[in-house]
Amino acid sequence: MATIKYFTKGKGNPTTIYLRFIHGRKMDFKRSTSLLVNPKYWNQETGTVRNVAEFKDKLNVSNKLRGLENHLLTTFNNSYENGEIIDSDWISNTIKSFFNQTEETDLNYFTEYAEYFHTNLNNKVQANGKTGVTIATFKKYRTIINKIKAFEKHKRKRVKLTDVGLKFHKDFIHYLHNVEKLNYNTTGKYLVFVKTICLDAKKYGLKINKDIENGEFRPTKQKVSFVTLNETEIQSIYDLDLTERPYLENARKWLIIGVWCGARVSDLLNFTSDNISNGFIEYTAIKTGQRIVLPLHPQVKEILKENNGEFPRKITGQRFNDYIKIVCELSKINEIVKGSKLVDINNEELKPGAKKKRSIWRKINGEFPKFDLVSSHICRRSFATNHYGKLPTPVIMAVTGHTTEKVFLSYIGKTATDNAETLKQFWNVQEQKRAQEKPDFKVIKTGS
């Protein structure tokens, strides 16, 4: 438990009251409170103001010291629980916050500049002239700032902008992958955000490490296995009767709508009859702000007809994720396939009767029944995959909201070999058509 004791130095009048903050063996900090006192009114043994009648300001000073102690301990408990770095700077800043003193920010530290960058994201002018960023982008930068703070706590050292070089690159990858147990793709995304923040700092004249622009300071990547539902599986889900289990029937309907509209779950589960106009679904994507229009698929039309023109009952994304796994299992979509599954790595092999730890959910690769790998994202991927090669790619991209074909093909896992195979099949079909169109000449013998 943290303890605080006040003391003074020297016998000059007035003298400054200092505090000593102790927590365990590794935290022992001494800092000025900025409060002054006459040494003859101070009890060094108890660390308190003497109860002397002639000291008219004794009550005011005592109240400030008690208030500062409570503020420090309360703030410490919250900060320590959230994994913040507790050092002498933290003590000084917390004292300043209690006395409402101006706290100077040193933008040469990565997290200090990152906080400044994050605060101003809503004023950022994009290349298209739009001001601000999406809520999702805002949250992502908050996450990376928290990851850097956790990394600093792990290394017991604050990171300056000039520290973010190739050594940081190696150490941060190791920390995220081996300590935080994040996969390489997620790690790579964090590295992109780190680089963006550093390059932004450079634009404003702050010194950064030249390694940040080195080609070796690149994001990590790993091949991802993902599952989709083919048209046969979708039909089996569509035909499944779950009327005796209404919550699953509701999720089944949302799943069918999802695989035929390709919307992100944040958009999908917010659809209402207001999104339908003249046989089309129209909506603005929450993540990108894009306006998307697509026709109603026959199966979606039937579901809406059953619901008197309304979409199914609204549920949360988490419930949807949980329920569609059961729906797919009941639809016998149980083929063993490769993929990644979310697992609570802190309690994965918890023995009976053992106390449960704080949950840490991470994706692990392996082979699992297909229904076990189903999540809300399967809607969007299934739509894109099932229509690829049957419709012009720009048409599919207009529905999924992808802005470049490269990103779209990566999203559905298509490679140059896959594209070559599609072209080969197309040529084979054309050759068969030409063969069928050739006239069938027969030689007729005539007598002379």
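Treating r as the C-beta distance of residue 236 and residue 434 and R0 as 45 Å, the FRET efficiency rounds to 0.75.
Shown here: Cα extents along the principal axes in Å, derived from the displayed model; of the candidates (1) 59, 49, 46; (2) 145, 57, 48; (3) 85, 59, 39, it corresponds to (2).
Pairs with C-alpha atoms separated by more than 31 Å, drawn from the list 124/414; 26/96; 30/357; 167/363; 140/406; 64/140, are 124/414; 30/357; 64/140. Amide hydrogen proximity for residue 360: with H placed 1.01 Å from N in the peptide plane, the residues at 5 or more positions away or on another chain lying under 5 Å are 345, 346, 347. Using just the C-alpha positions of the range 130-280 as equal point scatterers, what log10 of I(q)/I(0) does the Debye formula give at each q in 0.12, 0.21 1/Å? So the normalised log intensities are -0.74, -1.33. Here the dipole of the range 209-283 is about 320 debye; that uses its Cα centre as origin and unit charges on the Cβ of Lys and Arg (positive) and Asp and Glu (negative). Could you identify which residue out of 378, 144, 336 has the top mean-square fluctuation in a GNM of the chain using Cα springs shorter than 10 Å? Of the options given, 336 has the highest mean-square fluctuation.
Rounded to the nearest 20 debye, the dipole size of the chain about its Cα centre is 1480 debye, using +1 on the Cβ of Lys and Arg and -1 on the Cβ of Asp and Glu. Placing unit charges on each Cβ (+1 for Lys and Arg, -1 for Asp and Glu) gives the range 347-414 a dipole about its Cα centre, and among 393, 383, 347 the Cα reaching farthest toward its positive end belongs to 347. Computed on protein heavy atoms with a 1.4 Å probe, the accessible areas place 15, 137, 284 in the order 284, 137, 15, largest first. Figure note: 385, 46, 8 ranked by solvent-accessible area, largest first, 1.4 Å probe, ligands and nucleic acids not counted: 46, 385, 8. The length gained by stretching the chain between residue 398 and residue 247 to full extension, at 0.36 nm per residue less their Cα-Cα distance, is 51.2 nm. A compact globular protein would have a Cα radius of gyration near 2.2 N^0.38 Å; the ratio found for the range 1-50 is 1.19. Per residue, the accessible area of the chain comes to 61 Å², computed with a 1.4 Å probe over protein heavy atoms only. In the neighborhood of residue 63, defined by Cβ-to-Cβ distances under 13 Å, what is the net charge if each Lys or Arg adds +1 and each Asp or Glu adds -1? Charge balance near residue 63 sits at +1. Proximity of backbone amide H atoms, modeled 1.01 Å from N, is registered between residue 55 and no other residue at under 5 Å, excluding neighbours fewer than 5 places apart on the same chain. The long axis of helix 416-437 is offset from the longest Cα principal axis of the chain by roughly 10 degrees. Residues in the range 150-166 carry Karplus couplings, in order, of 5, 5, 4, 5, 5, 8, 6, 7, 7, 9, 8, 4, 6, 7, 7, x, 5 Hz; the curve used is 6.51 cos²θ - 1.76 cosθ + 1.60 with θ = phi - 60°, and Gly or Pro positions show x.
In the chain, the DSSP-assigned H stretches of four residues or longer account for a calculated mean residue ellipticity at 222 nm of -13500 deg cm²/dmol, using -39500 (n - 2.57) per stretch and the full residue count as denominator. Rounded to the nearest 10 degrees, the inclination of helix 88-98 to the longest alpha-carbon principal axis of the chain is 80 degrees. All other residues whose Cβ lies under 14 angstrom from that of residue 398 are scored, Lys and Arg at +1 and Asp and Glu at -1, for a net of 0. If amide H atoms are built 1.01 Å from N in the plane of the peptide, which residues on other chains or at least 5 residues away come under 5 Å of the amide H of residue 34? Amide H neighbours of residue 34, under 5 Å, 5+ apart: 17. Considering only protein heavy atoms and a 1.4 Å probe, what is the carbon-and-sulfur percentage of the accessible area of the range 62-164? Carbon-and-sulfur percentage of accessible area, whole number: 45. Counted over the chain, the DSSP beta bridges are approximately 95% antiparallel.
Per atom type, the range 210-333 shows carbon and sulfur on 48% of its accessible surface, probed at 1.4 Å. Spatial offset of the range 227-293 relative to the range 351-404 amounts to 15 Å, using the alpha carbon center of each. In the chain, taking the dipole from charged Cβ atoms about the Cα centre, the farthest positive-side position among 278, 67, 17 is held by 17.
The values are calculated or read from the model by the stated rules, or taken from the named source; none is laboratory data. These numbers come from a predicted model, not from an experiment. Quick reminder, even Gly has a Cβ in these numbers, built from the backbone with ideal geometry, and neighbours come from all protein chains shown. Heavy atoms of the whole protein, side chains included, go into the accessibility calculation; ligands, DNA and RNA do not. Shrake-Rupley method; radii C 1.70, N 1.55, O 1.52, S 1.80 Å.
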